[in-house]
Amino acid sequence: MRTDHLALLYRVSQTFSSSLDLDHVLDHIMDEAIAATRAERGVLMLRDSEGQLTFRIARGMDQRTIEAPEFQISRGVVEQVAREGQPLLTSNAQFDAQLGKRASVVGLGLRSILCVPLLSKGASTGVIYVDSSLRAGIFDHDDLELFVAIAQQAATAIENASLFCDVQDKLHALRLLQEISADLTSTLDLEQVLAACLQRILDLLAAESASILIVEGNELVFRLALGKKAAEIKPFRIPLDQGIAGWVVQNAQGIYSNDVHNDPRFYAMPDNEIGFVTQALMAVPLIVNERAIGVVEVINKPGGFGKGDLDLLSTIAASAAIAIDNARLYQLAVEKGRLERELQLARQVQASLIPRQTPQLPGWQLATRWIPARQVSGDFCDFIDLSQVTTASHDIGIVIVIADVADKGMPAALFMTLTRSIIRASVAQLHTPAESMTHANRLICADAHDGMFVTLFYAQLNPATGEMICVNAGHNRPLLYRAAGDQLTEIECAGIVLGVDDKALYSQCSVPLHSGDLALLYTDGVIDATDPQRQQFGLERLKDILYQHRLASAPDIIAALERTLGDFAGGSLPFDDITMLLVKRL
């Protein structure tokens, strides 16, 4: 190699090693290549992450020139050199047998072409191409030797700069991930979490728009969108079997497409509706417990997306999915806490409607027990002092009511409260128990919806005579113990449930209670109670316990029944509300 070439290579080496900025290095390489070969023009192309040759820098031409049909021969040379990894020298392109008499060669008047590969670790990472139309023979074998040496140094400089760029990119990505992680863990406000994460993604990739879509049923809905046309895109819903986003959810795999209009998975309807033009799109799944709950989409990054972008976005999405799930669980916990507080308040209100103390009647004992299966109950019992709700002189004594709404939870509790109020109002306005129940049923039917109804047993007790006038609205028949015959029977009185037929008429029956007699009113939660083997407590067991304790006081009998039920259930919570009311004449 000539002395002047050695001096040139030394200077080139110093120039190439003066910077680790890849764009600056490529600039220097192109300038030195043109100067060293006295070429008219030149181009440097590098392989991208997918192995495709891409235009990086040129002199005397631009991207449009390279893509023009007239550059066909030169593209062929570039692709050949890149593929084979061997330099190519053409001293006179017009007569080179390798190139042939192609119109592009003749039309451009190309004389000399010099193209060398950029080799790194034995693999071609790109090419440097120069040409001239001034005269034949401008490039000779000395130029080729020099150009190959320059290319070797250039390849090393490019690799060093690329490695430095990769390290810088990774450091930047790590900082970004740290910042995003801090954003995601700084608050449990889901909207704030998503907005912070998406804005950083948008800034990082310099994309036109970005969005987060969440799976709702068989559709993807835009939970958040930032960038161009963000407001217009949010109302759209994408079927799970449509679009790139739908594909990502179904396959739980991230993808990118830099030419979506040639991608059969692309769903163009939103673009067509809002006047947006999607050219490149990247989407990754949000995965929680091995299930895709949504998608992060980024649209139109300058220069298109690459595998590095996909890897970075996938990492961000993994953290975002955890944050989204944590925020969701927090919101559920907050909502659950609110509902529990409301239920507790409702229970307190409902409990205040259940008699805290039983009426004190000389010669009588009364006892109750109310055990809700949940925070609130559809069961209730009540005592109504007739002397306080009616002015009729013949209305004396008390009304005893036990009822069970055909449902559980809050709906049943609300219907129970309505029924209690209507029963009390009906008792105050009318004279006979049957008339009171008929009137109450009409009012309840007017407010009963979605199949809601109530079973109820009504008994008007005259403490002086012992007469108990009863009306049964579809309720369990109370158990009646007669001391005189030491027999346990049922009060034979029947009628339709309240809230079903507003034209129903109710009848009443009279049951006298003598000394030692007692009546147990109960809801079906008593006999439907189950043990750990799912066997029911049953009516016969209830009769046996009641008969065994028939001589005890009313409070002791109720306590014995409650204790027996608890032992039978084995400590498990009751499935249904349990209410018992016992009346005993001393």
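Answer yes or no: is there a residue in region 353-364 that is at pLDDT below 75, part of a helix (DSSP H, G or I) and within 54 Å of the chain's Cα centre (by Cα).
Looking through region 353-364, at least one residue is at pLDDT below 75, part of a helix (DSSP H, G or I) and within 54 Å of the chain's Cα centre (by Cα).
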*How many residues, within region 419-442, are farther than 20 Å from CYS493 by Cα and at pLDDT below 85?*
3
_For region 35-54: of the residues being under 19 Å from GLU145 (Cβ atoms) and modelled with pLDDT under 80, which is most open to solvent (accessible area, probe 1.4 Å)?_
ARG38
*Within region 410-464, can you find the residues that are β-branched (Val, Ile, Thr) and in contact with a Gly (Cβ under 9 Å, 6 or more places away or on another chain)?*
THR419, ILE444, VAL454, THR455
*Say we look at region 229-244 and pick out the residues that are in a strand (DSSP E or B) and open to solvent by 20 Å² or more (accessible area, probe 1.4 Å); which of these is farthest from ASP263 (Cα to Cα)?*
ARG237
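Report the residue count in region 401-423 for those that are of a type in the set (Val, Ile, Thr) and under 40 Å from the mean Cα position of the chain (by Cα).
Residues that pass the stated criteria total 3.
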*Name the residue, out of ASP189, ASP271, that is farther than 19 Å from ILE316 by Cβ and open to solvent by 10 Å² or more (accessible area, probe 1.4 Å).*
ASP271
*Can you tell me which residues in region 380-397 are in contact with a helix residue (DSSP H, G or I) (Cβ under 7 Å, 6 or more places away or on another chain), open to solvent by 10 Å² or more (accessible area, probe 1.4 Å) and either charged (D, E, K, R) or modelled with pLDDT of 85 or more (or both)?*
ASP395, GLY397
*Considering region 533-586 alone, what residues qualify as being on the phi < 0 side of the Ramachandran plot, small (Gly, Ala, Ser) and exposed (fewer than 13 other Cβ atoms within 10 Å of the Cβ)?*
SER572
*For region 303-317, how many residues are of a type outside the set (D, E, K, R), in a helix (DSSP H, G or I) and surrounded by 17 or more Cβ atoms within 10 Å (Cβ to Cβ)?*
5
*For SER572, state whether it is at pLDDT 95 or above and hydroxyl-bearing (Ser, Thr, Tyr).*
no
*Identify, by number, the condition in (1) surrounded by fewer than 16 Cβ atoms within 10 Å (Cβ to Cβ); (2) touching a Pro at 6+ places or on another chain (Cβ under 8 Å) that VAL295 doesn't meet.*
(1)
*Tally of residues being in a loop (DSSP other than H, G, I, E, B) and β-branched (Val, Ile, Thr) across region 245-277*: 1
_For region 318-341, check the following and say yes or no: at least one residue is open to solvent by 10 Å² or more (accessible area, probe 1.4 Å), within 24 Å of ALA207 (Cα to Cα), acidic (Asp, Glu) and more than 16 Å from the chain's Cα centre (by Cα)._
no
*Give the number of residues within region 264-283 that are hydrophobic (A, V, I, L, M, F, W, C) and touching a Phe, Trp or Tyr at 6+ places or on another chain (Cβ under 9 Å).*
6
*asked:* Of the residues ASN251, ASN300, only one is open to solvent by 30 Å² or more (accessible area, probe 1.4 Å) and within 29 Å of GLY51 (Cβ to Cβ); which?
replied: ASN251
*Return a yes/no flag: does region 520-532 have any residue that is in a helix (DSSP H, G or I) and open to solvent by 50 Å² or more (accessible area, probe 1.4 Å).*
no
*Starting from residues that are assigned to a strand (DSSP E or B) and small (Gly, Ala, Ser), keep the ones in region 192-228 and report whichever is surrounded by the fewest Cβ atoms within 10 Å (Cβ to Cβ).*
GLY227
*Of all residues in region 530-545, count the ones that are over 18 Å from ILE402 (Cα atoms) and out of contact with any strand residue (DSSP E or B) (no Cβ under 6 Å at 6 or more places or on another chain).*
11
*With respect to SER91, is the statement that it is among the small types (Gly, Ala, Ser) and at pLDDT 80 or above true?*
no
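The values are calculated or read from the model by the stated rules, or taken from the named source; none is laboratory data. Because the structure is predicted, anything quoted here is derived from the model rather than measured. Cβ coordinates were reconstructed from backbone atoms using ideal geometry, including for glycine residues, and neighbour counts include every protein chain displayed. Side chains are part of the model used for accessible areas, which takes the heavy atoms of the whole protein and leaves out ligands, DNA and RNA. Shrake-Rupley method; radii C 1.70, N 1.55, O 1.52, S 1.80 Å.
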